[in-house]
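Here the structure is laid out as C-alpha coordinates; the discussion comes afterwards.
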Amino acid sequence: MAPSYKFIPMAMLLIFAMVAPNLQQSAAINAEEGAAKAGKTAHAVVAPAPSPRGAPMKLKWFLLPDFPCLPFLPKILLDLCHVLFPPPSPSPPPAPPVKECRSSLTKKLVPPCTGFLTNSSESEPSSNCCQAINSFFDDHTTTPYCLCHLVRGSVGKLLPAPIINNRTVGVLVECIGLDPSSVTGICDPKNEFPVPPMDDPSGPPRI
(Lines give C-alpha, C1' and ligand atoms only; values in the text may rest on other atoms or scores of the structure.)
Protein backbone atom coordinates (compact mmCIF):
# COMPACT_ATOMS: atom_id res chain seq x y z
CA MET A 1 0.00 0.00 0.00
CA ALA A 2 1.37 3.45 -0.94
CA PRO A 3 2.41 5.58 2.02
CA SER A 4 0.14 8.43 3.07
CA TYR A 5 1.49 11.97 2.96
CA LYS A 6 -1.46 13.73 4.60
CA PHE A 7 0.51 14.55 7.76
CA ILE A 8 3.64 15.84 6.02
CA PRO A 9 2.52 19.53 5.99
CA MET A 10 1.70 19.41 9.71
CA ALA A 11 5.06 17.80 10.48
CA MET A 12 6.82 20.48 8.44
CA LEU A 13 5.04 23.23 10.36
CA LEU A 14 6.01 21.68 13.69
CA ILE A 15 9.66 21.50 12.61
CA PHE A 16 9.38 25.07 11.35
CA ALA A 17 7.95 26.18 14.69
CA MET A 18 10.88 24.62 16.56
CA VAL A 19 13.61 26.28 14.50
CA ALA A 20 11.89 29.66 13.99
CA PRO A 21 12.84 31.19 17.38
CA ASN A 22 16.51 30.27 16.86
CA LEU A 23 16.47 31.85 13.41
CA GLN A 24 14.87 35.00 14.80
CA GLN A 25 17.48 35.20 17.56
CA SER A 26 20.34 34.65 15.09
CA ALA A 27 18.94 37.35 12.83
CA ALA A 28 18.70 39.80 15.73
CA ILE A 29 22.27 39.03 16.89
CA ASN A 30 23.61 39.43 13.35
CA ALA A 31 21.80 42.74 13.03
CA GLU A 32 23.29 44.02 16.30
CA GLU A 33 26.80 42.90 15.34
CA GLY A 34 26.41 44.49 11.93
CA ALA A 35 25.30 47.78 13.49
CA ALA A 36 28.28 47.75 15.87
CA LYS A 37 30.74 47.08 13.05
CA ALA A 38 29.14 49.79 10.94
CA GLY A 39 29.60 52.28 13.76
CA LYS A 40 33.29 51.43 14.12
CA THR A 41 34.06 51.59 10.38
CA ALA A 42 31.91 54.57 9.43
CA HIS A 43 35.07 56.52 8.54
CA ALA A 44 36.48 53.81 6.27
CA VAL A 45 35.97 53.58 2.53
CA VAL A 46 32.80 51.71 1.70
CA ALA A 47 33.55 48.39 0.00
CA PRO A 48 31.68 47.51 -3.19
CA ALA A 49 28.57 45.44 -2.71
CA PRO A 50 29.04 41.71 -3.33
CA SER A 51 27.52 40.16 -6.40
CA PRO A 52 23.99 38.78 -5.97
CA ARG A 53 25.25 35.27 -6.71
CA GLY A 54 27.76 35.34 -3.85
CA ALA A 55 25.72 37.38 -1.36
CA PRO A 56 24.59 35.53 1.79
CA MET A 57 20.89 34.76 2.19
CA LYS A 58 19.07 37.57 3.96
CA LEU A 59 16.79 36.72 6.87
CA LYS A 60 14.72 39.91 6.78
CA TRP A 61 11.57 37.95 6.05
CA PHE A 62 11.90 36.32 9.47
CA LEU A 63 11.21 39.74 10.99
CA LEU A 64 7.82 40.14 9.31
CA PRO A 65 5.03 41.08 11.75
CA ASP A 66 3.05 37.92 10.90
CA PHE A 67 6.04 35.56 11.12
CA PRO A 68 5.82 32.60 11.40
CA CYS A 69 2.04 32.61 10.71
CA LEU A 70 2.33 34.00 7.21
CA PRO A 71 -1.00 34.64 5.49
CA PHE A 72 -0.20 32.55 2.38
CA LEU A 73 -0.06 29.32 4.41
CA PRO A 74 -2.91 26.85 3.89
CA LYS A 75 -5.78 27.47 6.30
CA ILE A 76 -5.24 24.28 8.32
CA LEU A 77 -1.55 25.15 8.80
CA LEU A 78 -2.36 28.77 9.53
CA ASP A 79 -4.87 27.75 12.22
CA LEU A 80 -2.31 25.40 13.79
CA CYS A 81 0.32 28.13 13.62
CA HIS A 82 -1.96 30.54 15.48
CA VAL A 83 -2.36 27.91 18.20
CA LEU A 84 1.40 27.45 18.52
CA PHE A 85 2.17 31.17 18.19
CA PRO A 86 -0.82 33.13 19.51
CA PRO A 87 -0.72 36.85 18.71
CA PRO A 88 0.27 39.09 21.61
CA SER A 89 -2.60 40.52 23.57
CA PRO A 90 -3.02 44.28 23.14
CA SER A 91 -1.66 46.40 25.95
CA PRO A 92 -4.30 47.95 28.20
CA PRO A 93 -5.07 51.61 27.60
CA PRO A 94 -3.21 54.02 29.88
CA ALA A 95 -5.01 55.08 33.01
CA PRO A 96 -6.53 58.55 32.84
CA PRO A 97 -4.65 61.23 34.79
CA VAL A 98 -5.74 61.76 38.38
CA LYS A 99 -7.26 65.24 38.61
CA GLU A 100 -8.02 65.43 42.33
CA CYS A 101 -7.29 63.60 45.60
CA ARG A 102 -10.23 64.49 47.80
CA SER A 103 -12.40 61.56 46.70
CA SER A 104 -9.76 58.86 47.19
CA LEU A 105 -8.53 60.30 50.50
CA THR A 106 -12.08 60.60 51.82
CA LYS A 107 -13.02 57.09 50.73
CA LYS A 108 -9.80 55.18 51.42
CA LEU A 109 -7.78 57.00 54.07
CA VAL A 110 -10.17 58.80 56.40
CA PRO A 111 -12.31 55.89 57.69
CA PRO A 112 -9.51 53.53 58.85
CA CYS A 113 -6.81 56.08 59.72
CA THR A 114 -8.70 58.82 61.57
CA GLY A 115 -8.14 57.20 64.96
CA PHE A 116 -4.34 57.11 64.70
CA LEU A 117 -4.13 60.55 63.12
CA THR A 118 -6.30 62.32 65.71
CA ASN A 119 -6.24 60.21 68.88
CA SER A 120 -3.03 60.18 70.90
CA SER A 121 -4.15 57.06 72.80
CA GLU A 122 -3.65 54.99 69.63
CA SER A 123 0.06 54.29 69.50
CA GLU A 124 0.21 52.74 66.01
CA PRO A 125 -1.91 52.64 62.87
CA SER A 126 -4.27 49.72 62.45
CA SER A 127 -3.78 47.05 59.82
CA ASN A 128 -6.81 48.44 57.97
CA CYS A 129 -5.18 51.86 57.90
CA CYS A 130 -1.97 50.43 56.44
CA GLN A 131 -3.92 48.43 53.87
CA ALA A 132 -5.72 51.60 52.84
CA ILE A 133 -2.44 53.48 52.44
CA ASN A 134 -0.88 50.69 50.39
CA SER A 135 -3.94 50.59 48.14
CA PHE A 136 -2.91 53.99 46.75
CA PHE A 137 -0.04 52.17 45.04
CA ASP A 138 -2.31 49.59 43.38
CA ASP A 139 -5.45 51.53 42.49
CA HIS A 140 -5.14 53.21 39.10
CA THR A 141 -8.01 55.58 39.86
CA THR A 142 -5.75 57.41 42.29
CA THR A 143 -2.02 57.88 42.86
CA PRO A 144 0.42 57.50 45.78
CA TYR A 145 1.21 61.20 45.39
CA CYS A 146 -2.21 61.95 46.90
CA LEU A 147 -0.69 60.84 50.21
CA CYS A 148 1.41 63.99 50.09
CA HIS A 149 -1.72 65.87 51.16
CA LEU A 150 -1.42 63.86 54.36
CA VAL A 151 2.24 64.80 54.81
CA ARG A 152 1.53 68.47 54.07
CA GLY A 153 -1.34 68.49 56.56
CA SER A 154 -4.06 69.49 54.09
CA VAL A 155 -5.88 66.20 54.72
CA GLY A 156 -6.75 67.62 58.15
CA LYS A 157 -9.75 69.40 56.63
CA LEU A 158 -11.26 65.96 55.95
CA LEU A 159 -10.92 64.73 59.54
CA PRO A 160 -13.45 65.24 62.34
CA ALA A 161 -10.78 66.30 64.87
CA PRO A 162 -7.43 68.15 64.76
CA ILE A 163 -4.66 66.07 63.28
CA ILE A 164 -1.55 65.20 65.30
CA ASN A 165 1.14 66.73 63.11
CA ASN A 166 3.98 64.27 63.72
CA ARG A 167 1.69 61.40 62.70
CA THR A 168 1.16 62.65 59.16
CA VAL A 169 4.64 61.35 58.36
CA GLY A 170 4.66 58.63 61.01
CA VAL A 171 1.72 56.77 59.49
CA LEU A 172 3.59 56.44 56.18
CA VAL A 173 6.78 55.40 57.95
CA GLU A 174 4.89 52.70 59.83
CA CYS A 175 2.83 51.42 56.90
CA ILE A 176 5.18 51.76 53.92
CA GLY A 177 8.58 51.44 55.59
CA LEU A 178 10.11 54.65 54.24
CA ASP A 179 12.34 56.74 56.44
CA PRO A 180 10.94 60.16 57.46
CA SER A 181 13.42 62.15 55.33
CA SER A 182 12.39 60.26 52.20
CA VAL A 183 8.71 60.89 52.88
CA THR A 184 9.16 64.61 53.45
CA GLY A 185 11.56 64.87 50.51
CA ILE A 186 9.14 63.28 48.06
CA CYS A 187 6.29 65.52 49.20
CA ASP A 188 8.32 68.72 49.37
CA PRO A 189 6.64 71.22 46.98
CA LYS A 190 10.09 72.38 45.86
CA ASN A 191 10.73 68.99 44.23
CA GLU A 192 7.77 69.46 41.86
CA PHE A 193 6.56 65.86 41.96
CA PRO A 194 3.21 65.33 40.18
CA VAL A 195 0.96 65.73 43.22
CA PRO A 196 -2.64 66.25 42.06
CA PRO A 197 -4.55 69.03 43.79
CA MET A 198 -6.95 68.26 46.59
CA ASP A 199 -9.86 69.42 44.39
CA ASP A 200 -10.26 69.38 40.62
CA PRO A 201 -9.57 72.95 39.41
CA SER A 202 -12.12 72.50 36.63
CA GLY A 203 -14.85 71.41 39.05
CA PRO A 204 -17.20 73.58 41.07
CA PRO A 205 -15.59 75.50 43.93
CA ARG A 206 -15.86 74.01 47.41
CA ILE A 207 -16.88 76.07 50.37
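The values are calculated or read from the model by the stated rules, or taken from the named source; none is laboratory data. What you are looking at is a predicted structure, and each value in this text was computed from that prediction instead of being measured. Counting neighbours? That spans all protein chains shown, and the Cβs are built from the backbone with ideal geometry, glycine included.
Values for this structure:
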| item | result |
| --- | --- |
| Residue within region 113-131 that is in a helix (DSSP H, G or I), of a type in the set (D, E, K, R) and at pLDDT 90 or above present | no |
| Qualifying positions in region 179-189 - over 22 Å from residue 100 (Cβ atoms) and either of a type in the set (A, V, I, L, M) or part of a helix (DSSP H, G or I) (or both) | 180, 181, 182, 184, 185 |
| Test for residue 99: is it basic (Lys, Arg) and surrounded by fewer than 14 Cβ atoms within 10 Å (Cβ to Cβ) | yes |
| Single unsatisfied condition, residue 170 versus (1) outside any helix (DSSP H, G or I); (2) over 15 Å from residue 106 (Cα atoms); (3) of a type outside the set (Ser, Thr, Tyr) | (1) |
| When residues of region 149-167 are limited to those that are in a helix (DSSP H, G or I) and among the aliphatic types (A, V, I, L, M), the one surrounded by the most Cβ atoms within 10 Å (Cβ to Cβ) | 150 |
| Identity of the residue in region 116-148, touching a residue at least 12 places away in the same chain (Cβ under 8 Å) and within 17 Å of residue 161 (Cβ to Cβ), that ends up surrounded by the fewest Cβ atoms within 10 Å (Cβ to Cβ) | 120 |
| Residues located in region 82-108, provided they are of a type in the set (Gly, Ala, Ser) and outside any loop (DSSP other than H, G, I, E, B) | 103, 104 |
| Residues of region 136-148 classified as touching a helix residue (DSSP H, G or I) at 6+ places or on another chain (Cβ under 6 Å) and part of a helix (DSSP H, G or I), total | 1 |
| Which numbered condition residue 103 fails, given (1) touching an Asp or Glu at 6+ places or on another chain (Cβ under 6 Å); (2) free of Cβ contacts under 8 Å to residues at least 40 places away in the same chain | (1) |
| Residues that are of a type in the set (Ser, Thr, Tyr) and more than 17 Å from residue 125 (Cα to Cα), drawn from region 155-207 | 181, 182, 184, 202 |
